[in-house]
Amino acid sequence: MNADAVLQKKRLTAMLAIDAVCFVLAGAAIVGHVAMGIGWLLPAFLVLVAAGLGAQIWFVLGWMRAVKREGGATS
């Protein structure tokens with residue numbers, strides 16, 4: 001594996017871990033908001049969804065940079 005592949009594997013692992021944590025916490029937050037009427041859990045839910053989406057965007061942007069570098073090196 002080259003250095004870019006190792007870096008992307010670490011990024012993928014980090015993204016999956018962040019998404020898993022955000023998924024569980026966002027699920028708990030929305031259940032707490034809807035079932036128990038705790039008002040501050042709705043903004044917490046939205047922040048957790050945004051954090052999970054941000055992790056995915058971070059991964060894709062890193063992947064695009066790695067592909068661009070790889071494509072530029074072979075040309």
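The values are calculated or read from the model by the stated rules, or taken from the named source; none is laboratory data. The model shown is predicted, which means the values in this text are computed figures rather than measured ones. Please note: Cβ atoms are built from the backbone with ideal geometry, for glycine as well, and neighbour counts cover all protein chains shown. Side chains are part of the model used for accessible areas, which takes the heavy atoms of the whole protein and leaves out ligands, DNA and RNA. Shrake-Rupley method; radii C 1.70, N 1.55, O 1.52, S 1.80 Å.
Within the stretch 3-48, being open to solvent by less than 80 Å² (accessible area, probe 1.4 Å) and outside any helix (DSSP H, G or I) holds for 37, 38, 39. Among residues of the stretch 17-42 that are closer than 21 Å to residue 59 by Cβ, those with a Cβ under 6 angstrom from a residue that is β-branched (Val, Ile, Thr) and open to solvent by 70 Å² or more (accessible area, probe 1.4 Å), sequence gap 6+ or separate chain, pair up as 26/49. Here residue 73 qualifies as among the small types (Gly, Ala, Ser), more than 18 Å from the chain's Cα centre (by Cα) and modelled with pLDDT under 95.
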